[in-house]
Amino acid sequence: MHRSDHSVRRRFSALRCSLYSGLVVPISEKALISRIRRASIRHSGVALGIGDDCAILRLPAGHEILVTTDFNLEGIHFRREWHPPAPVGHRCLTRGLSDIAAMGGEPIAAFLSLAAPANLPQTWIGNFTHGLLALAENFKITLAGGDTAESPAGILVDIVVVGSVPRGKAVLRSGAKPGDRVYVTGDLGGSAAALGELRAGEKSRPADYPRHFFPIPRVAVGRALRERGLASAMIDVSDGLSTDLAHICEESGVGAEILAPAIPRAFVGRKRKVVDLFHALHGGEDYELLFTAPPGRRVPNRIADVAITFIGNVIRDQHVTLISETGRRHKLRPQGWEHFRR
Ligand SMILES: [Mg+2]
């Protein structure tokens, strides 16, 4: 039966009948739901997940709720011809988890709303769900509800991720002070480099570009930085270093000087080639953490098995300067994702 009308959409937090009742694709809806319910582990913060009108979340005493929401739109955030469905599911959830990480929080549950065109092969949805659930399982969070609909064109995914943090302890973008030092986790530019290849018509294998296809959000690092009181301000690198650093500077009312040779650049492709500086500065979707720390605090060069690299200093002057290897100074304008993508 074809029910395309939005009025027949069903919330799958209210999953009495079928998860994909809005889709023409006949399946196996039941199989999909039971897969989600089976695969979805129960985080202790989820008192009630899929199966009723609402999910019920329970916070540890003295904690606050973190909520983040992200659209993932076909043609904007992914392309079916470039991105297999499992990485699309993985990347959708990474975006939310990475935001929780950037606050120093603990993720609890995700909520997935999916609109798909009627002709979307069932295997696409199955593999998408699989990619998303595999990451959810790694981070021990529950897929606790969502909604489905038929889309007139293209796949639209909205992900809400909920987490918690001890009251008053979330690491904000606004805490950087002149004199603080600037650090970044992992390396940068790997995701944008993959996009460059795909755009040039090359075939990028997920194995050669793990940071593009299967980025791992830095939840453990974010939590450790918050617990140890090391980070004065933090953001995840979703739009590109130049743009995300500008966000910290703007919110904190400061500027920064970044040392170009210090920026850790990703090695990508079959030949493990280092990405160029442009990708490292402006390419988005690396989902690393960018943070500042007071000058007196010793920041380890590894946290939770992830490299931490010093890349510059926070200054009073409210603009961002890039200092090249030869000591030349350039104004670093935010040219992150939105710009880069075109
Ligand atoms: Mg973010």
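When residue 302 is tested against the conditions (1) modelled with pLDDT of 95 or more; (2) surrounded by 17 or more Cβ atoms within 10 Å (Cβ to Cβ), the lone failure is (2).
Within region 97-109, restricting attention to residues that are within 14 Å of the ligand (Cβ to nearest atom) and out of contact with any Phe, Trp or Tyr (no Cβ under 9 Å at 6 or more places or on another chain), which residue is farthest from residue 240 (Cα to Cα)?
Just the residues of region 97-109 that are within 14 Å of the ligand (Cβ to nearest atom), to begin with: 97-105, 107.
Cutting the leftovers down to out of contact with any Phe, Trp or Tyr (no Cβ under 9 Å at 6 or more places or on another chain) gives us 99-100, 103-105.
Values: 99: 14, 100: 18, 103: 18, 104: 20, 105: 22 Å.
Checked region 97-109; the qualifying residue farthest from residue 240 (Cα to Cα) is 105.
For first residues located in region 157-179 and among the small types (Gly, Ala, Ser), partners that are at pLDDT below 95 and exposed (fewer than 15 other Cβ atoms within 10 Å of the Cβ) and lie 6+ apart or on another chain with Cβ distances below 9 Å form the pairs 164/60.
Say whether the condition of being at positive phi, open to solvent by less than 30 Å² (accessible area, probe 1.4 Å) and modelled with pLDDT of 95 or more is met by at least one residue in region 102-123. Give the derivation first.
To start, the set of residues in region 102-123 that are at positive phi comprises 104.
So of that shortlist, the ones also open to solvent by less than 30 Å² (accessible area, probe 1.4 Å) come out as 104.
This time we only want the ones that are modelled with pLDDT of 95 or more, so: 104.
Looking for residues that are at positive phi, open to solvent by less than 30 Å² (accessible area, probe 1.4 Å) and modelled with pLDDT of 95 or more, one finds at least one in region 102-123, hence yes.
Residue 94 meets each of the listed conditions (1) open to solvent by 10 Å² or more (accessible area, probe 1.4 Å); (2) among the β-branched types (Val, Ile, Thr); (3) within 16 Å of the ligand (Cβ to nearest atom) apart from (1).
From the residues in region 190-220 that are under 18 Å from residue 97 (Cα atoms) and away from the ligand (no atom under 15 Å from the Cβ), which one is surrounded by the most Cβ atoms within 10 Å (Cβ to Cβ)?
We begin by selecting, within region 190-220, every residue under 18 Å from residue 97 (Cα atoms); these are 191, 210-220.
Still in the list and also away from the ligand (no atom under 15 Å from the Cβ): 210-214, 216, 220.
Values: 210: 17, 211: 23, 212: 26, 213: 22, 214: 17, 216: 19, 220: 15.
Only one residue fits best here, namely 212.
Taken over region 226-248, the criterion of being within 21 Å of residue 285 (Cβ to Cβ) and either free of Cβ contacts under 8 Å to residues at least 12 places away in the same chain or part of a helix (DSSP H, G or I) (or both) is satisfied by 241, 242, 243, 244, 245, 246, 247, 248.
Only one of the numbered conditions (1) touching a residue at least 24 places away in the same chain (Cβ under 8 Å); (2) over 30 Å from residue 207 (Cβ atoms) is violated by residue 269, and that is (2).
Out of the residues in region 80-91 that are over 23 Å from residue 163 (Cα atoms) and of a type outside the set (Asp, Glu), which is nearest to the ligand (Cβ to nearest atom)? It would help to see each step written out before you state the result.
Step one: of region 80-91, the residues over 23 Å from residue 163 (Cα atoms) are 80-86.
Keeping just the survivors that are of a type outside the set (Asp, Glu) gives 80, 82-86.
Values: 80: 25, 82: 23, 83: 20, 84: 25, 85: 24, 86: 23 Å.
The extreme case among them is 83.
Filter region 221-261 down to residues that are on the phi > 0 side of the Ramachandran plot and open to solvent by less than 10 Å² (accessible area, probe 1.4 Å), then give me how many there are.
Keep residues of region 221-261 that are on the phi > 0 side of the Ramachandran plot, which gives 229, 240, 253.
The next check asks that each one be open to solvent by less than 10 Å² (accessible area, probe 1.4 Å); those that pass are 240.
Counting residues in region 221-261 that are on the phi > 0 side of the Ramachandran plot and open to solvent by less than 10 Å² (accessible area, probe 1.4 Å) gives 1.
With respect to residue 163, is the statement that it is out of contact with any Leu (no Cβ under 6 Å at 6 or more places or on another chain), of a type in the set (Gly, Ala, Ser) and modelled with pLDDT of 90 or more true? Don't jump to the end; show me each part of the working.
Values: out of contact with any Leu (no Cβ under 6 Å at 6 or more places or on another chain): no; of a type in the set (Gly, Ala, Ser): yes; modelled with pLDDT of 90 or more: yes.
Criteria not met by residue 163.
Contact annotation: residue pairs with Cβ atoms under 6 Å, 6 or more positions apart or on different chains, pairing a residue in region 63-78 that is closer than 20 Å to residue 214 by Cβ and within 13 Å of the ligand (Cβ to nearest atom) with a partner that is among the basic types (Lys, Arg) and not in a strand (DSSP E or B), are 70/95.
Quick one: which of 132, 156 is within 19 Å of residue 83 (Cβ to Cβ) and crowded, with 21+ Cβ neighbours inside 10 Å? Please lay out each step first, then the result.
Working: 156 fails: crowded, with 21+ Cβ neighbours inside 10 Å.
The unique qualifying residue is 132.
The values are calculated or read from the model by the stated rules, or taken from the named source; none is laboratory data. These numbers were taken from a predicted model, which means no experiment stands behind them. Ideal geometry is used to build each Cβ from the backbone, glycine not excepted, and the neighbour counts take in all protein chains shown. Remember, those area values only see protein heavy atoms, side chains included, never the ligands or the DNA or RNA. Shrake-Rupley method; radii C 1.70, N 1.55, O 1.52, S 1.80 Å.
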